[in-house]
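Notes follow the structure.
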């Protein structure tokens, strides 16, 4: 089993329910156990400003799945929840599931880069991640605390239970 951290985001079709449904689907993945889930956060969109705010969270998953097997499973969950992949990057979506970290691995292939290539600059990833893994160290040796210190909490709102 390896500990994997997954970023979740939605800003369409009842975002909070989308995240809750995705967490239930992730918890039912074969050879896997959902270990922890952060609070939900509202965040400003990264892309076009004329879209709703996002709801974000981070989940810790212990899994026996290989990285690309997990990626395929997460993309299937996105599809089943109405995700339509468009050419426009950072546009509105029903669900976005990103593998942030996969154990202590560093991976780069056509379909997957781990650690997630922009996680260090995204408050909506780092602050929920810090909730469930405050002592986390990235594969390159950086501590999560260092990333948080360089990433302001701006545009982020922790949502009530």
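The values are calculated or read from the model by the stated rules, or taken from the named source; none is laboratory data. In this text, all values refer to a predicted model and were calculated from it rather than measured experimentally. Note that each Cβ is placed from the backbone with ideal geometry, even for glycine, and that neighbours are counted across all protein chains shown.
Taken over the range 137-158, the criterion of being within 24 Å of residue 107 (Cβ to Cβ), in contact (Cβ under 8 Å) with a residue 24 or more places away in the chain and part of a loop (DSSP other than H, G, I, E, B) is satisfied by 138, 139, 140, 150, 151.
Residue 83 meets each of the listed conditions (1) modelled with pLDDT under 95; (2) surrounded by 15 or more Cβ atoms within 10 Å (Cβ to Cβ); (3) over 28 Å from residue 28 (Cβ atoms) apart from (3).
In the range 1-42, which residues are over 28 Å from residue 104 (Cα atoms) and touching a strand residue (DSSP E or B) at 6+ places or on another chain (Cβ under 8 Å)? Within the range 1-42, 11, 15, 16, 18, 42 qualify. Of the residues making up the range 52-70, those that are more than 12 Å from the chain's Cα centre (by Cα) and closer than 21 Å to residue 33 by Cβ number 9.
Conditions (1) modelled with pLDDT under 95; (2) farther than 17 Å from residue 63 by Cβ; (3) exposed (fewer than 12 other Cβ atoms within 10 Å of the Cβ), marked per residue:
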{"site": "94", "(1), (2), (3)": "yes, yes, no"}
{"site": "99", "(1), (2), (3)": "no, no, no"}
{"site": "110", "(1), (2), (3)": "yes, yes, yes"}
{"site": "120", "(1), (2), (3)": "yes, yes, no"}
{"site": "124", "(1), (2), (3)": "no, yes, no"}
{"site": "128", "(1), (2), (3)": "no, yes, no"}
{"site": "146", "(1), (2), (3)": "no, yes, no"}
{"site": "154", "(1), (2), (3)": "yes, yes, yes"}
{"site": "158", "(1), (2), (3)": "no, yes, no"}
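Of all residues in the range 61-70, those satisfying the criterion of being surrounded by fewer than 20 Cβ atoms within 10 Å (Cβ to Cβ) and either under 22 Å from residue 126 (Cβ atoms) or touching a helix residue (DSSP H, G or I) at 6+ places or on another chain (Cβ under 6 Å) (or both) are 62, 67. The single residue among 112, 46 that is in contact (Cβ under 8 Å) with a residue 12 or more places away in the chain, touching a strand residue (DSSP E or B) at 6+ places or on another chain (Cβ under 9 Å) and under 19 Å from residue 159 (Cβ atoms) turns out to be 46. Just checking, does the range 18-34 include any residue being at pLDDT below 95 and farther than 14 Å from residue 123 by Cα? No, that holds for no residue. Just one of the numbered conditions (1) surrounded by fewer than 17 Cβ atoms within 10 Å (Cβ to Cβ); (2) farther than 14 Å from residue 91 by Cα; (3) out of contact with any strand residue (DSSP E or B) (no Cβ under 9 Å at 6 or more places or on another chain) is not true of residue 51: (2).
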